[in-house]
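Structure record follows, encoded as structure tokens.
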Amino acid sequence: MTIPNPAAMEFFLTRRSRPARLLRPPVPSEAELMPILTAAARVPDHGKLEPWRFLVLEKPALTRLAGLARTRGEEMGVTPDRLDKDVAQFADASLIVAVVMVPRPTDKAPEVEQTLSAGAACLTLLNAALASGWDACWLTGWHVHDPAFARGALGLAEGERVAGLVHIGTAASAPPERPRPDVGAITTWVRE
């Protein structure tokens, strides 16, 4: 049996994301971000396939992506309100780590397990940023799920897709606590 880690358990029981719109500089430096990325790479990965990679998007890249998202959204007929919100996700950000799902053709692990591993990398990245004293939020959006935008703006290869955009920075304020799931209502005990 492993040794209990009450501090880690307390972190998981109280952790909370910050809305991306509240995140501002300062953001982690490259040296500060590397341990966070290293933690994110320590997720379950059946077959040791590394079915994910990281794109660290800094302010100049985010400004470029905001313009490309606006152009692509207009081409797609995205409503102005939605378009403004999704463009702001890039324009207002100072640092985003995109977790890119990279499916590997193999018999070792089905693609669904590789997808779940990429999702685990997103959550571990988020939690590692929070545990390191940063504020963070995990988002996606139509833009990263649009193959034309993902290939043209982010340089994704055929078959790759964005599992999550993890915004990291410093929040000026904290929103009120939100309601959490009633664990008893969503848990079934199978004893026989």
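Per 0.36 nm of contour for each residue apart, how much would the distance between Ala41 and Val56 grow if the chain were fully extended, relative to their Cα-Cα spacing? Mind showing how you got there, number by number?
Working: separation 15, 0.36 × 15 = 5.40 nm, distance 1.42 nm.
Extending this stretch completely gives an extra 4.0 nm.
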Largest fluctuation, Thr63, Thr14, Thr124 only, Gaussian network model of the chain with Cα springs under 10 angstrom, belongs to Thr14
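With a ≥ b ≥ c the root eigenvalues of the C-alpha gyration tensor of segment 14-128, is it rounded (a/c under 1.5), prolate (a/b larger than b/c) or oblate? Before the final figure, lay out each step's value.
Values: a/c = 2.22, a/b = 1.41, b/c = 1.57.
Verdict is oblate for segment 14-128.
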When the chain is modelled as a GNM with alpha-carbon springs shorter than 10 Å, which of Met76, Met34, Met101 fluctuates the most?
-> Met76
Which ³J(HN,Hα) values in Hz, rounded to whole numbers, follow from the phi angles of segment 47-58 under the Karplus curve 6.51 cos²θ - 1.76 cosθ + 1.60, where θ = phi - 60° and Gly and Pro get x?
-> x, 6, 8, 6, x, 7, 8, 10, 10, 8, 9, 9
Among (1) 148; (2) 112; (3) 180, the value of volume of the Cα convex hull per residue in Å³ computed for this structure carries the label (3)
When the chain is fully extended, how far beyond the present Cα-Cα distance does Asp107 get from Thr63, taking 0.36 nm per residue of separation?
-> 11.8 nm
Check cross-link reach from Lys108 to the lysines: straight Cα distance under 26 Å, and skip same-chain residues fewer than eight apart.
-> Lys48
Near-label residues of segment 94-128 by backbone N, under 19 Å of a point 7 Å along Cα→Cβ of Arg24 = 94-96
Amide H neighbours of Arg161 under 5 Å, counting only residues 5+ apart in sequence or on other chains, H built in-plane at 1.01 Å?
-> Met101
Place the peptides 133-141, 148-156, 80-88, 161-169 in order of packing, highest mean first, counting for every residue the other Cβ atoms within 10 Å and averaging per peptide.
-> 161-169, 133-141, 148-156, 80-88
Distance between segment 116-173 and segment 1-36 - C-alpha centres, whole angstrom | 15
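Using 1/(1 + (r/R0)^6) with R0 = 35 angstrom and r between the beta carbons of Ser132 and Ala88, what's the FRET efficiency to the nearest 0.05? Intermediate values should be presented prior to the final figure.
On the way: r = 25 Å, r/R0 = 0.72.
With R0 = 35 Å, the Cβ-Cβ based efficiency is 0.85.
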Label zone at Ser173 (point 7 Å along Cα-to-Cβ), backbone N below 20 Å, segment 74-94 | 89, 92-94
Please report the relative contact order for the chain, taking Cα pairs under 8 Å with a sequence separation of at least 6, and give it as a percent rounded to a whole number.
-> 32
Qualifying lysines (Cα of each under 29 Å from Cα of Lys85; at least 8 residues distant if same chain) = Lys59
Spin-label model distance (nm) - Ala8 vs Asp81, 7 Å beyond Cα toward Cβ = 4.4
Shape of segment 86-175, Cα gyration tensor, a/c cut at 1.5 | oblate
What number, in percent, do you get for the relative contact order of segment 75-161 if the mean sequence gap of Cα pairs under 8 Å and at least 6 apart is divided by its residue count?
-> 28
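Each reported figure results from applying straightforward, stated rules to the coordinates on display, with no laboratory input. Here the structure is a predicted model, which is why all the values come from computation and not from measurement. All Cβ positions, even for glycine, are placed from backbone atoms using ideal geometry, and neighbour counts span all protein chains on display.
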